[in-house]
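Data first, discussion second: the structure below is written as structure tokens.
The values are calculated or read from the model by the stated rules, or taken from the named source; none is laboratory data. Owing to the predicted nature of the structure, the values given are computational and were not obtained by experimental measurement. Cβ: placed from backbone, ideal geometry, glycine included. Neighbour counts: every protein chain shown. Side chains are part of the model used for accessible areas, which takes the heavy atoms of the whole protein and leaves out ligands, DNA and RNA. Shrake-Rupley method; radii C 1.70, N 1.55, O 1.52, S 1.80 Å.
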Amino acid sequence: MSFFQRMVYIVQTYSVSLLKGAGVTMAIAIICTALGCIIGLGVGIVQTIEPKKNSSPISKFFIKFFKTLLSIYVEFFRGTPMMLQAAFIFYGFSQLFGINLGMWKAAILIVSINTGAYMAETVRGGILSVDIGQTEGAKAIGMNHFQTMTSIILPQAFRLIMPQIGNNLIINIKDTCVLSIIGTVELFFTFKSISGALYTYFEAASVTLIIYFILTFSCSKIMRYFEKKMDGPANFDLATTDTLAYTSGMNLAHIATRERL
Amino acid sequence: MNEILKIEHLSKTFGNNVVLTDIDFEVKKGDVTSIIGASGSGKSTLLRCINLLETPTSGEVLFHGNKVAEGGIKEEDYRAKVGMVFQSFNLFNNHTVLSNCMLGQIKVLKRNKEEAKAQALKYLEKVGMAPYINAKPSQLSGGQKQRVAIARALAMDPEILLFDEPTSALDPETVGEVLDVMRTLAKEGTTMLVVTHEMSFARDISSHVVFMADGKIEEEGSSKDIFYNPQSARTKEFLTRFREDKQES
Ligand SMILES: Nc1ncnc2c1ncn2[C@@H]1O[C@H](COP(=O)(O)OP(=O)(O)OP(=O)(O)O)[C@@H](O)[C@H]1O
Ligand SMILES: [Mg+2]
């Protein structure tokens, strides 16, 4: 059998395991990126809270305390290898507390927490890069901090960090392979089983590489599409008198005044 | 007591940099007050203190006689009643022109959508921006952005409008369109407090002029008094410089 024939053989024989592995990899990557974004959003928002000058010392202390706690979380999970974190948490839980997390829970827990640590910094940066003028514009018409965040700052910050979310998704697709250390049957685990069974490392690696690439490439295209969609149309239509009257539900008297202008 | 806004002994320091010292003046309903003065004299800081974007170091801002800083009126309510137009427009980039003018009405004044939309359109028409309701701020010119910003402020039905050099960031060709809108507002009796470097504009529209130098009010009076019969040497010098500038251009 030639190199290509062996590749075809692997695909044919192990198509189910490969698809399953790819499915698990994608499921973990997508779920954990989403959860990680939520964690990151929460942490990032807290990190950008500035206590008001006139707020009580107690609330100032709590904000400071929380922020410190969160930065420890961010620094620790960004600063240590995920593979070790996986082993630490998975085996730690079972040895210290006698709890068997199970492959899925452990995998999702570890990857989400990791993504969250990275996203927290990204979200913080995204929030800070929305110019302060817009916050002042919102304050000047009487909007409070919460309203300003939810209707003006966060939507823009979210758009700004979209490329980073895509980045994290792709990193997660690849990095789930470290979960094979706790026995998660994802794509890399499948590769190891196949190559172990057939002793055809090169061919199995080639097939698996191609699958990984298809997954990541499709994801980056899909993310691009969403980004474009969020940007809305590049052009706008000038509103005519008719559409104006229609959209506003104004009475005829109003239209008459406008036409006189 | 018909003054809307009263500033009493207001001072502001940043670290050890004294920016405003003992500012005292008031704005009555229907007044168009211009604040003029050299760059760095503290004009923007004064407006920002009035709007609570900066906290005064000492002194008071009174709104209809209520101390604003001490919760005499809720911060958000006060700001809704005191409109502000910035040099850099500060429109919400993720919202359309129409939505920029509706957001505050819905969130702060709790108006319903139809009401807010009608009100927004009324003022967008007034500033000549009604055809652009579907545009995003990034798709507009500076003059257009500023007119939307004025409509956004007006849509809140403020009792007074603050302007901080509304035309300084604009191309010379578009300055006129914004000044025209402001002229119309002044004629209609809108209460305005305007920081500007456009001297002839200030002279023509103002009922009252405040000249600031080094963080203090050097001289104030009617537009006529300040521009044609200034008392202080510094005012004279400042205005002479402005006339020379004008002759050069
Ligand atoms: N946040 C700040 N921190 C420290 N100093 C500040 C701050 N804001 C303003 N200043 C200082 O206050 C002084 C007055 O500034 P301000 O912007 O009020 O002047 P201005 O009269 O509006 O000038 P311009 O006509 O150039 O706009 C300046 O010396 C400036 O450096
Ligand atoms: Mg200024």
Inside the stretch B:71-98, the number of residues satisfying the requirement of being under 18 Å from residue A:144 (Cβ atoms), within 16 Å of ligand 2 (Cβ to nearest atom) and either touching a Leu at 6+ places or on another chain (Cβ under 8 Å) or open to solvent by 30 Å² or more (accessible area, probe 1.4 Å) (or both) is 1
If I ask for residues that are facing another protein chain (nearest Cβ under 9 Å) and open to solvent by 20 Å² or more (accessible area, probe 1.4 Å), which ones from the stretch B:104-125 would you list? B:107, B:108, B:109, B:114, B:117, B:118, B:122, B:125
Unmet requirement for residue A:163, which otherwise passes all of (1) open to solvent by 60 Å² or more (accessible area, probe 1.4 Å); (2) in a helix (DSSP H, G or I); (3) closer than 15 Å to residue A:103 by Cβ: (3)
Scan (1) open to solvent by less than 60 Å² (accessible area, probe 1.4 Å); (2) at the interface with chain A (Cβ under 8 Å from one of its Cβ atoms); (3) in contact with a helix residue (DSSP H, G or I) (Cβ under 6 Å, 6 or more places away or on another chain) for the single condition residue B:101 breaks and write down its number. (2)
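Quick grid of which residues meet (1) within 20 Å of the chain's Cα centre (by Cα); (2) touching a residue at least 60 places away in the same chain (Cβ under 8 Å):
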| site | (1), (2) |
| --- | --- |
| A:5 | no, no |
| A:17 | no, yes |
| A:51 | no, no |
| A:55 | no, no |
| A:62 | no, no |
| A:68 | no, no |
| A:71 | yes, no |
| A:93 | no, no |
If the requirement is being within 16 Å of ligand 2 (Cβ to nearest atom), more than 12 Å from chain A (Cβ to nearest Cβ), more than 25 Å from residue B:184 (Cα to Cα) and within 17 Å of the chain's Cα centre (by Cα), which of these qualifies: B:41, B:34? B:41
Just checking, how many residues over the stretch B:210-246 are in contact (Cβ under 8 Å) with a residue 24 or more places away in the chain, more than 15 Å from ligand 1 (Cβ to nearest atom) and in a strand (DSSP E or B)? 1
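Return the total of residues in the stretch B:187-209 being under 12 Å from the mean Cα position of the chain (by Cα) and more than 16 Å from ligand 1 (Cβ to nearest atom).
Here is the first cut: in the stretch B:187-209, the ones under 12 Å from the mean Cα position of the chain (by Cα) are B:190-196.
Those still in the list that are more than 16 Å from ligand 1 (Cβ to nearest atom) too: B:190-192.
Within the stretch B:187-209, residues that are under 12 Å from the mean Cα position of the chain (by Cα) and more than 16 Å from ligand 1 (Cβ to nearest atom) number 3.
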Residues of the stretch B:155-173 being buried (at least 19 other Cβ atoms within 10 Å of the Cβ), under 18 Å from residue B:50 (Cα atoms) and more than 16 Å from ligand 2 (Cβ to nearest atom), which ones? B:156, B:158, B:160, B:161
Taking into account only those residues within the stretch A:137-147 that are open to solvent by 10 Å² or more (accessible area, probe 1.4 Å) and part of a helix (DSSP H, G or I), which is nearest to the other protein chains (Cβ to nearest Cβ)? A:147
Matching residues in the stretch A:122-134 (away from every other protein chain (no Cβ under 14 Å) and open to solvent by less than 60 Å² (accessible area, probe 1.4 Å)) number 3
Only one residue in A:190, A:184, A:176, A:150 is in contact (Cβ under 8 Å) with a residue 24 or more places away in the chain, hydroxyl-bearing (Ser, Thr, Tyr) and either open to solvent by 60 Å² or more (accessible area, probe 1.4 Å) or not in a helix (DSSP H, G or I) (or both). Which one? A:184
Would you confirm whether any residue within the stretch B:136-150 is surrounded by fewer than 18 Cβ atoms within 10 Å (Cβ to Cβ) and assigned to a loop (DSSP other than H, G, I, E, B)? yes
Every residue from the stretch B:191-208 that is surrounded by fewer than 18 Cβ atoms within 10 Å (Cβ to Cβ) and outside any helix (DSSP H, G or I): B:197, B:207
Name the residue, out of B:54, B:60, B:8, that is open to solvent by 50 Å² or more (accessible area, probe 1.4 Å) and either away from ligand 1 (no atom under 15 Å from the Cβ) or not in a helix (DSSP H, G or I) (or both). B:8
Matching residues, the stretch B:1-18, being more than 23 Å from residue B:161 (Cα to Cα) and either touching a residue at least 24 places away in the same chain (Cβ under 8 Å) or within 16 Å of ligand 2 (Cβ to nearest atom) (or both): B:13, B:14, B:17, B:18
Considering only residues that are within 16 Å of ligand 1 (Cβ to nearest atom) and among the aliphatic types (A, V, I, L, M), look in the stretch B:11-31 and name the one that is farthest from the chain's Cα centre (by Cα). B:18
